[in-house]
Every structure is written in structure tokens, then in C-alpha cells.
1. If you scan region 100-157, which residues turn out to be hydroxyl-bearing (Ser, Thr, Tyr) and out of contact with any Pro (no Cβ under 7 Å at 6 or more places or on another chain)?
2. Keeping to region 134-156, report how many residues are open to solvent by less than 30 Å² (accessible area, probe 1.4 Å), in contact with a strand residue (DSSP E or B) (Cβ under 7 Å, 6 or more places away or on another chain) and of a type outside the set (Ser, Thr, Tyr).
3. Starting from residues that are in contact with a strand residue (DSSP E or B) (Cβ under 6 Å, 6 or more places away or on another chain) and of a type outside the set (Gly, Ala, Ser), keep the ones in region 115-133 and report whichever is surrounded by the most Cβ atoms within 10 Å (Cβ to Cβ).
4. Mind checking which residues of region 101-114 are farther than 10 Å from Ala83 by Cα, surrounded by 18 or more Cβ atoms within 10 Å (Cβ to Cβ) and modelled with pLDDT of 90 or more?
5. Glu65: among the acidic types (Asp, Glu), assigned to a helix (DSSP H, G or I) and at pLDDT below 90, yes or no?
6. Residue by residue through region 68-96, note down the ones that are polar (S, T, N, Q) and either buried (at least 21 other Cβ atoms within 10 Å of the Cβ) or part of a strand (DSSP E or B) (or both).
7. Which members of region 9-60 meet the condition of being assigned to a loop (DSSP other than H, G, I, E, B), acidic (Asp, Glu) and either modelled with pLDDT of 85 or more or within 17 Å of Ala75 (Cβ to Cβ) (or both)?
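The values are calculated or read from the model by the stated rules, or taken from the named source; none is laboratory data. These figures come from a predicted structure and were not determined experimentally. Cβ atoms come from the backbone with ideal geometry, glycine included; neighbour counts cover every protein chain shown. Just the protein is used for accessible areas: all its heavy atoms, side chains included, with ligands, DNA and RNA removed. Shrake-Rupley method; radii C 1.70, N 1.55, O 1.52, S 1.80 Å.
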Amino acid sequence: MSEDILEIGQFEFRSRLFTGTGKYPDLDTARGALQASGCEVVTVAVRRVDLKATGSESIMSVLREGGYTLLPNTAGCYTAEDAVRTARLARELLDTPLVKLEVIGDEKTLMPDVPATIEAARVLVEDGFDVLPYVTDDPVSCKRLEDIGCVAVMPLAAPIGSGLGIRNPYTIRIILEQSSVPVIVDAGVGTASDAA
């Protein structure tokens with residue numbers, strides 16, 4: 001039996017769970033949670049984390065010592081231009097082509113701005129990034145992003161932070177069936193079984 005490998009751009013992973021760096025009460029809790037999860041990829045909000053921090057009391061030190069693949073994200077960006085600028089900054093600081101593209105369309109719900117996401121994705125793909133866009137669970141948008149050259153698509157399950165689980169399994173199923181790139185269910189997941 002062959003090993004089940006997740007291929008994203010030029011990267012390969014055994015774990016399909018991506019985790020984040022936010023909402024931990026302290027570094028020891030973050031370290032323990034990341035280790036217990038078995039994840040290999042950790043998203044890092046470029047605008048919220050000091051990527052240059054190297055001291056033992058920084059999240060970056062925890063991530064480096066854990067050997068995680070960092071997936072910088074453009075959380076907090078509300079325009080395509082801002083997201084592109086933030087992605088380029090992350091590439092310079094972290095020396096990675098990976099970027100989780102987030103262009104937010106609404107400050108209250110944190111729902112993605114799909115046209116701006118497509119616009120930014122086009123620029124970043126042309127600039128050599130391996131783009132993983134956060135997008136609504138719309139099969140047309142996901143296919144369009146794949147056609148642009150995104151190495152994965154990340155449709156939301158439900159609004160960010162809601163923990164509601166997959167609200168529309170039918171559209172997620174369509175996205176899975178039509179995609180030739182990995183589909184990573186993102187945002188609003190209540191438990192791991194929601195995404196599995």
C-alpha cells in the first residue's frame with residue numbers, strides 16, 4: 001500500500017490537518033497543541049505575528065523548533081493590492097513561495113471578497129507564488145481559481161470562528177468532484193470530523 005501524500009505545489013505532506021497560531025493563551029499551550037495535532041503546516045497571519053522574532057518567548061521560535069512548514073496568510077487584507085503586498089513581504093521574511101490568500105470583503109462576517117481574491121490570485125501566481133485562496137464554497141469561483149493556477153482551493157465551511165461545521169455539504173462535494181488540486185475545507189469547522 002502506498003503512502004497517502006498530500007501534494008501542494010512543490011510541497012508534500014503526510015498530515016492533512018493545517019493549524020493556526022491564533023487564540024492560544026500562551027506559548028506552552030500553543031507548543032503542546034501543535035505537537036498533539038500531528039500537523040505539519042501552520043498558518044501564520046503576517047499582519048499579526050512578528051515574523052522576525054527569534055527569542056525563546058516568540059511563536060516563531062515555537063514554529064521553528066517544531067520544524068513546521070509555515071503557510072503565511074494575508075488575514076486582515078481588504079483589497080487585492082494589500083493582499084499582494086502582504087504576500088510579497090511574507091515571502092521575503094520567510095523565504096517561502098506558499099501563501100494562504102485572504103481578501104476579506106466584510107469586516108463583521110470576515111467573508112471573502114471573491115472578485116478581489118481572484119484578482120490577487122492572478123497576480124501572485126504570475127509572480128511565482130504557490131497560492132491557496134480562502135474563498136466561499138462556490139464551485140464556479142473555486143474552479144476559476146484552479147484555472148488561474150492556484151495549487152489548492154480553501155472553501156469555507158461556515159463563517160470564520162463560528163464552529164458551525166460544513167453548512168452546505170452539497171457544494172463542497174461539487175468542488176471536490178471538479179477539482180484536480182487539493183481542496184482544504186477552511187473556516188467555521190467545528191471538529192475535525194466536519195472536514196473529514
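1. Ser141
2. Here the count works out to 11.
3. Filtering region 115-133 for residues that are in contact with a strand residue (DSSP E or B) (Cβ under 6 Å, 6 or more places away or on another chain) and of a type outside the set (Gly, Ala, Ser), the one surrounded by the most Cβ atoms within 10 Å (Cβ to Cβ) comes out as Pro133.
4. Across region 101-114, the qualifying residues are Pro112, Asp113, Val114.
5. yes
6. Passing the criteria: Thr69, Asn73, Thr74, Thr86.
7. Passing the criteria: Glu40, Asp50.
Per-residue answers, yes or no, for (1) modelled with pLDDT under 95; (2) more than 20 Å from Tyr78 (Cα to Cα):
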| site | (1), (2) |
| --- | --- |
| Ala116 | no, no |
| Glu119 | no, no |
| Glu126 | no, yes |
| Val131 | no, no |
| Val140 | no, yes |
| Gly149 | no, yes |
| Ala157 | yes, yes |
| Gly161 | yes, no |
| Arg167 | yes, yes |
